[in-house]
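The values are calculated or read from the model by the stated rules, or taken from the named source; none is laboratory data. These numbers were taken from a predicted model, which means no experiment stands behind them. Please note: Cβ atoms are built from the backbone with ideal geometry, for glycine as well, and neighbour counts cover all protein chains shown.
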Amino acid sequence: MKRIFLLAAMALLCGTMSAQDAIIKKYKDVKNVEVVHVSKAMMKMGFAASQDDDAEKMSRAIEKLDHLDVLNSEKSAALAQDIFDDVDDFITKQKGERLVEQSGDGESTLIAWVKENGLNRMIVLTKYDSNLTLVVFVGTMTLEEAQEMLSGSPIAPPAPPQAPRVK
């Protein structure tokens, strides 16, 4: 009986793997692809060692993050396009909110917000020729908290529109 329970629990855990995690797993061992996974504990340790002026803001943000994934690919335009297309398809299938889409001069940038398996994901994807960088912030943070966390950063999404003031 314990074996059946254990197998059922393992199947449930495997079934909850994120589609985004599947993309990272798909490409992590591919030539010319680097993947870095940063756990919450490591983010806390790294932040504790720094002397950041935004200590309070970053401390709150880290508490809301579960982990951070970074995927970087160089030297293959076809591979960069495949990864970009897979991430773009993931965002579409998950009905993610596209916060920023920019393309021109061979460069494409996509910033999106996706809710999946009880976690929120801010996805920042940039492709230029054969270079691609994917950064995924995963946690329980709200979109507003993610925007605050990234304010002042070059990858910060735009603030939500404000209603005009009535005089």
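Determine whether the range 25-34 contains at least one residue that is in contact with a His (Cβ under 9 Å, 6 or more places away or on another chain), under 19 Å from Leu125 (Cα atoms), at pLDDT 90 or above and not acidic (Asp, Glu).
No, there is no match, as no residue in the range 25-34 is in contact with a His (Cβ under 9 Å, 6 or more places away or on another chain), under 19 Å from Leu125 (Cα atoms), at pLDDT 90 or above and not acidic (Asp, Glu).
Condition test on Asp54, is it over 17 Å from Val138 (Cβ atoms) and at pLDDT 90 or above? Explain how you work it out, then say what you get.
Working: over 17 Å from Val138 (Cβ atoms): yes; at pLDDT 90 or above: no.
For Asp54, the condition - over 17 Å from Val138 (Cβ atoms) and at pLDDT 90 or above - is not met.
Just checking, which of Val100, Val124 is assigned to a strand (DSSP E or B) and either within 20 Å of Val36 (Cα to Cα) or at pLDDT 95 or above (or both)?
So the residue among Val100, Val124 that is assigned to a strand (DSSP E or B) and either within 20 Å of Val36 (Cα to Cα) or at pLDDT 95 or above (or both) is Val124.
Does Ala146 qualify as being under 13 Å from the mean Cα position of the chain (by Cα) and modelled with pLDDT under 90? Step through it out loud before you land on a result.
On the way: under 13 Å from the mean Cα position of the chain (by Cα): yes; modelled with pLDDT under 90: yes.
Judged against the criteria, Ala146 is a match.
Any residue at all in the range 45-54 that's outside any helix (DSSP H, G or I), under 14 Å from the mean Cα position of the chain (by Cα), surrounded by fewer than 16 Cβ atoms within 10 Å (Cβ to Cβ) and on the phi < 0 side of the Ramachandran plot?
For the range 45-54, residues outside any helix (DSSP H, G or I), under 14 Å from the mean Cα position of the chain (by Cα), surrounded by fewer than 16 Cβ atoms within 10 Å (Cβ to Cβ) and on the phi < 0 side of the Ramachandran plot: absent.
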